[in-house]
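Have a look at the structure below before the remarks.
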Amino acid sequence: MAAFRHISDAVAVITLSNPPVNALSSALLQAVHKALGEANEDSAVKAIVLCGDHGKFSAGADIREFGQPSKKRGPGLLLLCDLLEGSKKPVVAAIEGVALGGGLELALGCHYRIAHVQARVGFPEVNLGILPAASGTQRLPRLIGISPALSMITTGKFVPATEALKLGIVDEVVNENTVDKAIQLAKKVIDQPLGSRQLSTLPVQCPPNAEALLDEALVKVKKQFRGALSPQACIEALRAAVRLPYSEGIKKEKELFDFLYNTDQPRAQQYAFFAERKVAKWTLPSGVSWKTASPQPIRTAAVIGLGTMGRGIVTSLAKAQIPVIALEQDKKQLDLGSKAVMSLLDREALKMKQLGQSAAASQPGPVQFTLDYSKLKDVDIVIEAAYENMVLKKEIFRRLSAICKPKAFLCTNTSGLDIDEIASVTDRPQMVIGTHFFSPAHIMKLLEVVYGQNTSSTTISTAMHLGKMLGKIGVLVGNCPSFVGNRLMRLYIEQVIFLVEEGSKPEEIDRALEDFGLAMGPFRMMDLSGLDIGWKSRTEIGLTGPNLPTGTPARQRGSKRYSPLPDILCEKGRFGQKSGHGWYKYEKPGDRNAIPDPWLHNFLSEYRGIHNLKSRHISHDEIIDRCLYALINEGFKVLEDGIASGPEDIDVIYNNGYGWPKHKGGPMYYASLVGLPVVLTKLEKYYEANPDIPGLKPSGFLKKLVAIGNPPLKEWQSHLGSQSSKL
Ligand code: HSC
Ligand code: NAD
């Protein structure tokens, strides 16, 4: 690792080099500091270019060094930014690939910036629970104004070079060798005055309503990222830029950084960052892994079924410029589905345009709509998204097996049916896999990739690679009813409904869990996805409806407690948003604003009367503990069963598919933070009070971890021993 110096016609080129992303480790900062000092001392050098190796400028501070004692660090990043700006010789940043976080701060310290057309810049610190803390919050608004700086710093979005040019972040965008262009510019500006290029000396460009803008942004982030501190701190740092001179603003930036750093949130968010990278490196219990398996190319795809999920999956494939054939069962559904897809694609193209993407990059892949299965004979992959019904899915897979070319991969978007049973009707069970998208499929980042007992490593690798092509985070999981995400969710939903039976109102439970940070409370979520879906599948498996054995107590199935509440709501036509009422009421069907419903409150009182249930006050803490610990307990059972390969996998699934707040790391991380002995004690207490709810019975693995002294999360898997994978 080095920042080597190379002189080209009076221009010193300092290259950041720390593969793979030139993260600004202390060693690299030290090397740059030294090279800059030498360049400034050397009378043959008249100008300096700062660039990055491996086609990237820099992805910012080395996140792996966070939390290490600061005395180990050499010269700080802030000092380096100041030294660059203070250099008497013009410094030009040549930005290729990315200039993110501290990388962009370094570039803002330079006097000029040139970017390659495919480069992206941004301040993603907010996603790591911190803020740009090496002058980013003070220099950026001095360059581009408070409003765009506010948007960039609070969202962490990556800005493409062309947009960065429009905003004034870079001086020039080039299509050819960026370093050569930067050298040319550096030569041109030798001996020119640098005053106007030293951002720290400039006033902040701010409109008269700047304070109001900041107040408005604060309200927005408090609502959108409930409980997350870094977006609020970013706004306060920008407020300091508006109100204070640069030197004072810098002090405030540091104060806010120190404040955030002393909370749990940065560690949780940085854990989530590395967990997302870890899940890409999958390994099967057999030892086969991402390193040894290679993906097959996916040039064309087909999607079966254009309902809620199929539409989003087609859009996602087309957005990734993969040509798609979309197939429906009849003309009416095909017309409905094709209209919906075209409108989604139009919206996506508009979004891309607004983000500054070129027309070519915003152009989706072609979509062909058909009723004819024979059209699928040459596609590389098929994703089935028809109704959740095993008989139907088997019928479709039999047909696909007969029609598709032998090398075509066959995927199902089932939410939890047995992948092996589906694969068993095909001529290629090794090429069958679950690709479980989340709704809306063109937006949600998560893709659960479910492998069956015959699924080959090439198929896994191809499905994981497809996820990457679609901009998703693929997590490989084993095959069991409901896989990982929905398996845990079932226990959580069960608790919230039992809590309503015991005395809570749906809106109280939603508020408690939303205050905790979840994107949406469980009752609003059930109303949004439709209560009838779960009702239909419970009826199909004989938990409700005409096939239920006579004499079954209403609130019991076998020896387990059962709540018929959602079934009764469905019998009354209360399916959620789509019917205008469910757990809440809505102004009209399809409306999104959930209004607490006095009818439901009366109905709940009557229901409790009928079933002799005594209503009691349930505290906010009990709501959180019972719902979350039931979910976490199932997480330990999933690990015990070898269905997920580590707690990080479960956390990535919850962070990206179920609206878990990233500043709390994920459910398993949260359990480690609370302490496993606390989780166990609470579960034991709730299970003792509710012995007919098996979901509250503490998992053996959780007990084992507590018995061996509550080891840190990264060591959990090593204690599984012979309990490991049963697949
Ligand atoms: C920061 O800059 C704070 C500053 O404001 C300074 C604060 C100063 C404090 C002063 C105190 C007063 N560090 O994602 P990939 C690794 S905060 C270390 O798979 P891609 C990654 O783990 C930073 N490692 O590749 C992986 O390693 P593995 C703000 C980093 O092509 C490998 O690189 N910057 C790293 O899909 C490849 O990564 C960010 O938040 C880093 N900064 O995406 C940017 N960045 O192979 C975070 C990456 O061992 N990075 N790695 O698994 C990204 O968004 C993506 O990695 C990229 C590349 C878009 C750069
Ligand atoms: P949906 O009812 O909205 O759509 C299903 C579509 O499949 C309908 O348009 C129907 O006409 C079509 N179809 C049925 N039989 C067909 C056949 N033989 N050939 C071609 N098309 C056929 O269902 P959905 O919500 O999109 O769910 C689809 C699948 O995705 C299910 O397996 C479901 O469990 C799963 N899933 C759903 C969600 C969700 O939130 N809705 C999330 C993840 C996974």
Margin query: Looking at (1) part of a helix (DSSP H, G or I); (2) touching a Lys or Arg at 6+ places or on another chain (Cβ under 8 Å), which one does residue 190 not meet, given that it meets all the others?
Written below: (1)
Item checked: Lone qualifier among 316, 401, 358 - being within 15 Å of ligand 2 (Cβ to nearest atom) and touching a residue at least 60 places away in the same chain (Cβ under 8 Å) -> 316
Next item on the list: Kindly state which strands (runs of 3 or more DSSP E) lie completely within segment 1-81 and contain at least 1 residues that are closer than 27 Å to residue 117 by Cβ and at pLDDT 95 or above.
Entry: 11-16, 47-52
Next item on the list: Could you check, for segment 96-103, whether at least one of its residues is assigned by TED's automatic domain parsing to the domain that holds residue 241, in contact with a Cys (Cβ under 9 Å, 6 or more places away or on another chain) and closer than 21 Å to residue 265 by Cα?
Entry: yes
Notebook entry, point to check: Inside segment 24-41, can you point out the residues that are out of contact with any strand residue (DSSP E or B) (no Cβ under 7 Å at 6 or more places or on another chain) and either surrounded by fewer than 18 Cβ atoms within 10 Å (Cβ to Cβ) or touching a residue at least 40 places away in the same chain (Cβ under 8 Å) (or both)?
Noted result: 25, 26, 27, 29, 30, 33, 34, 37, 40, 41
Item checked: Among (1) crowded, with 19+ Cβ neighbours inside 10 Å; (2) modelled with pLDDT under 95, the one test that residue 268 misses -> (2)
Next item on the list: Give segment 474-498 a look and list any residue that's among the aliphatic types (A, V, I, L, M), out of contact with any Ser or Thr (no Cβ under 9 Å at 6 or more places or on another chain) and surrounded by fewer than 22 Cβ atoms within 10 Å (Cβ to Cβ), or say none.
Entry: 491, 493
Check: Restricting to segment 108-132, what's the tally of residues that are among the basic types (Lys, Arg) and more than 17 Å from residue 182 (Cβ to Cβ)?
Finding: 1
Margin query: Can you tell me which of (1) within 16 Å of ligand 1 (Cβ to nearest atom); (2) of a type in the set (D, E, K, R); (3) without any contact (Cβ under 8 Å) to a residue 24 or more places away in the chain is the one residue 243 doesn't meet?
Written below: (1)
Next item on the list: May I ask you to list pairs of residues, at least six apart or on different chains, whose Cβ atoms are under 7 Å apart, with the first in segment 133-144 being buried (at least 24 other Cβ atoms within 10 Å of the Cβ) and the second being aromatic (Phe, Trp, Tyr)?
Entry: 133/257; 136/123; 138/246
Next item on the list: Residues that are aromatic (Phe, Trp, Tyr), in contact with a helix residue (DSSP H, G or I) (Cβ under 7 Å, 6 or more places away or on another chain) and crowded, with 24+ Cβ neighbours inside 10 Å: find the strands (runs of 3 or more DSSP E) completely inside segment 86-126 holding 1 or more of those.
Entry: none
Item checked: Number of the exception - residue 323 against (1) farther than 30 Å from residue 482 by Cβ; (2) touching a residue at least 60 places away in the same chain (Cβ under 8 Å); (3) touching a Gly at 6+ places or on another chain (Cβ under 9 Å) -> (2)
Next item on the list: Select from segment 376-398 the residues that are in contact (Cβ under 8 Å) with a residue 60 or more places away in the chain and either in a loop (DSSP other than H, G, I, E, B) or over 31 Å from the mean Cα position of the chain (by Cα) (or both) and list them in ascending order.
Entry: 376, 378, 379, 380, 385, 386, 387, 388, 389, 396
Notebook entry, point to check: Just one of the numbered conditions (1) in contact with a strand residue (DSSP E or B) (Cβ under 7 Å, 6 or more places away or on another chain); (2) more than 16 Å from ligand 2 (Cβ to nearest atom); (3) in the same structural domain as residue 412 (by TED's automatic domain parsing) is not true of residue 289; which one?
Noted result: (3)
Check: Does residue 46 satisfy being within 16 Å of residue 191 (Cα to Cα), surrounded by fewer than 23 Cβ atoms within 10 Å (Cβ to Cβ) and among the charged types (D, E, K, R)?
Finding: yes
Check: How many of the residues in segment 185-236 are touching a Gly at 6+ places or on another chain (Cβ under 9 Å) and without any contact (Cβ under 8 Å) to a residue 40 or more places away in the chain?
Finding: 0
Note to self: Step by step: first the residues of segment 316-342, then only those that are in a helix (DSSP H, G or I) and in contact with a strand residue (DSSP E or B) (Cβ under 7 Å, 6 or more places away or on another chain), then the one that is surrounded by the fewest Cβ atoms within 10 Å (Cβ to Cβ). Which residue is that?
What the structure shows: 334
Item checked: Residue that is within 11 Å of ligand 1 (Cβ to nearest atom) and closer than 30 Å to residue 661 by Cα, where the choices are 128, 150 -> 128
Check: Which residue pairs have Cβ atoms under 8 Å apart, sit 6 or more places apart or on different chains, and have a first residue in segment 659-688 that is closer than 19 Å to residue 227 by Cβ and a second that is basic (Lys, Arg)?
Finding: 661/226; 665/267; 670/664; 673/664
Check: Quick check: is even one residue across segment 565-576 under 30 Å from residue 674 (Cβ atoms) and assigned to a helix (DSSP H, G or I)?
Finding: yes
Next item on the list: Taking the residues in segment 661-691 that are of a type outside the set (A, V, I, L, M, F, W, C) and loosely packed, with under 15 Cβ neighbours inside 10 Å as candidates, determine which candidate is nearest to residue 275 (Cα to Cα).
Entry: 675
Note to self: Quick check on this structure: which one of 597, 621, 591, 625 is touching a residue at least 40 places away in the same chain (Cβ under 8 Å) and either surrounded by fewer than 22 Cβ atoms within 10 Å (Cβ to Cβ) or closer than 21 Å to residue 513 by Cα (or both)?
What the structure shows: 625
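The values are calculated or read from the model by the stated rules, or taken from the named source; none is laboratory data. Here the structure is a predicted model, which is why all the values come from computation and not from measurement. Here Cβ is always computed from backbone atoms with ideal geometry, including for glycine, and neighbour counts include all displayed protein chains.
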